[in-house]
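Taking it in order: structure first as structure tokens, then the write-up.
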Amino acid sequence: MNNSSILNSKIFKPLLISALFLLFCVKPTLSFSQEKAAEASEKRFDPKELVFEHIGDSHSWPVSVPFMSEHFVALPIILYTDKGLEIFSSEKLGFHHAEGHEAPVYKGEHYSYKLEGKKVVAVNETGEINKEAKVYDFSITRNVISMWMGMIVLLIIFFAVASAYKKRSGRAPKGLQSLLEPVILFVRDDVAIPNIGVKYAKYMPLLLTIFFFILINNLLGLVPFFPGGFNLTGNIAVTLVLSFIVLIVINFSGNKYYWKHIFAPGIPLWLYPIMVPVEIIGIISKPFALMIRLFANITAGHIIVLSLISLIFIFKTAWMSTVSVPFVVFMDCIELLVAFLQAFIFTMLTSLFIGMAVEEHHH
Amino acid sequence: MELVTPDLGLVVWTTLSFLILLFILGKFAWKPILGALNDRERFIEDSLSKAEAAKDEMARLTNENESLLKQARAERDQILSDARKVKEQMIADAKELAHKEGARMIELARVEINNQKSIAMADVKNQVATLSLQIAEKVLRKQFEDHQKQDELVSQLLKEVKL
């Protein structure tokens, strides 16, 4: 094949952009797996490992600079054991040890620890897992750091907007303020008020925080390099917490009609043994659906993007990027839509459930 | 399975962080932002209702002005037509008066003329009488200068007397 014809062709520029994009996109995780592949040269490229490495949590933070080798920043490990608290760096556990090698054992104050997969376990002298030791892992993992970064971004944005409202009171919004005002008004006028009704004002802080927390983390998750590149809103623990907070808010704001509907619906007596358990399951299943929906949507998007990128390494040819990259760009566009959509749906359903709980019946 | 097993550490950190975020944003961001939005909406609503009121007031004033103008115009027309009538009346009156005065003066003149004429006629009559007498005297004197004629006349007169 004549290379000059490629250079001259009109598709060269998009190709170059795609290649650069690819470089920035997948550097953090891919070079890691490449390195691994180099160390175990016979080992074949495993897309599953790559994808789960990204989707899951980890005790290290990948820092990647284009054209440079990748570095991992150690994160603190905080363990609460039955004998007391242990805090040490994840470097001690060799967070980045090659596959196949024995993980290094770190001797702490109370137990010795090593990494079993991604989990920190206590081991005894012989290197066997100590079943008797109770170890709870409260480490600052990659997702915790990501969440904090997302929160810092949120705080910076909304402190700026709030101060703009104070400074420019009585005047037309400007800049960031006018970008976010329609979104805030959308949450208030099209999400909260139609679903909750007159009592909406009490729930506005929660709804806005949920909406922007999910949105900012969805969007940062789409950014392939710092400060993004994580899968926070696609983590079941995070969606669990969000939906649990929603569960508590719904049930604490439920009025007598809400509880009457659950425990004393106006139905024949013989239906009670069926209906009451169904309604009680309904209390749980509503937030549960929220949890699964957000988790599945975001995780699925990340898996598709990473799988498309993995195709290049499965076929072991850069030409595959001409297929993969357009598809990834397409998927990223859809993910952008999904990022907004899921934030909207979560907030929408939350306000709908709150609305059902605070609704006044007149009959 | 690992994917759908929530990690305890992350659950705890997320709960803590989210609640702190909710508190901080609620206190320092959502409260001022929503407050400002509410204030602005109220201000806009106020301004709109004020504008509406001003519009009504304006319309009322315009109506009033128009009716005033109409009234003024009607008054003006009334005054003008009155003035025209008065003018015509005055002209007519003046004409009549002048006519009457003229007639009166003509009458007076006629009476005076008649008076003067009769006086003059009387004068003329007197003059004529005096002249006639003088003439007659002179004629008679001339005729009765000789005695014969006097006698003749006496005799004639005497003849005429029939006793």
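Rule-based calculations on the coordinates, nothing more; no lab input. Model, not experiment: these values are computed from the prediction. Glycine gets a Cβ as well: all are built from the backbone with ideal geometry, and neighbour counts include every protein chain shown.
Tabulated values for the structure
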| read-out | value |
| --- | --- |
| Long-range HN-HN contacts of residue A:140 with modeled amide H, under 5 Å | A:78 |
| Chain lengthening between residue A:119 and residue A:323 when straightened (0.36 nm per residue, less Cα-Cα) | 69.8 nm |
| Dipole of the stretch B:1-146 [Lys/Arg +1, Asp/Glu -1 at C-beta], most positive-end residue of B:44, B:59, B:128 | B:128 |
| 23 Å tail of the calculated P(r), chain B, as % of Cα pairs | 82 |
| Relative contact order computed over the stretch A:268-358 (Cα-Cα under 8 Å; 6+ residues apart), in percent | 30 |
| Amide hydrogen neighbours beyond the local backbone of residue A:72, cut-off 5 Å, H modeled | A:63 |
| Residue exposure sequence - A:52, A:313 - by fewest surrounding Cβ within 10 Å | A:52, A:313 |
| R0 of 51 Å, Cβ-Cβ distance residue A:289-residue A:132: FRET efficiency to nearest 0.05 | 0.85 |
| Computed lengthening from residue A:251 to residue A:178, 0.36 nm per intervening residue step minus Cα-Cα distance | 22.8 nm |
| Cross-link reach list, aspartates and glutamates versus residue A:114, counting only Cα pairs under 18 Å and skipping chain neighbours closer than eight places | A:57, A:82, A:86, A:91, A:99, A:102, A:125, A:128, A:132, A:137, B:7 |
| Cβ-Cβ FRET estimate between residue B:66 and residue A:169, R0 fixed at 51 Å, reported to 0.05 | 0.75 |
| Dipole magnitude of the protein assembly as shown about its Cα centre (Cβ charges: Lys, Arg +1; Asp, Glu -1), debye to nearest 20 | 1340 |
| Order of A:330, A:88 - criterion: other Cβ atoms within 10 Å of each residue's Cβ, fewest first | A:330, A:88 |
| Distance from the stretch B:5-68 to the stretch A:107-128 (C-alpha centre basis), Å | 56 |
| Flagged links, alpha-carbon separation over 22 Å, of A:260/A:286; A:174/B:31; A:166/B:27; A:256/B:27; A:202/A:256; A:119/A:316 | A:256/B:27; A:119/A:316 |
| Positive dipole terminus of the protein assembly as shown, leading residue within B:92, A:147, A:164 (C-beta point charges) | B:92 |
| Approximate spin-label separation residue A:107-residue B:52, in nm, with each point projected 7 Å along Cα-to-Cβ | 8.3 |
| Cα-centre dipole for the stretch B:1-130 with unit charges at Cβ (Lys and Arg positive, Asp and Glu negative), debye to 20 | 900 |
| Segment residue A:300-residue A:226, extension gain: residue separation times 0.36 nm, minus the distance between their alpha carbons | 24.5 nm |
| Nearest-0.05 FRET efficiency for residue A:334 and residue A:202, computed from C-beta distance (R0 41 Å) | 0.70 |
| Mean-position separation - Cα centroids, the stretch A:171-198 and the stretch B:92-163, in angstrom | 132 |
| Spacing of the two label points (7 Å from each Cα toward its C-beta) at residue B:117 and residue A:52, in nm | 15.8 |
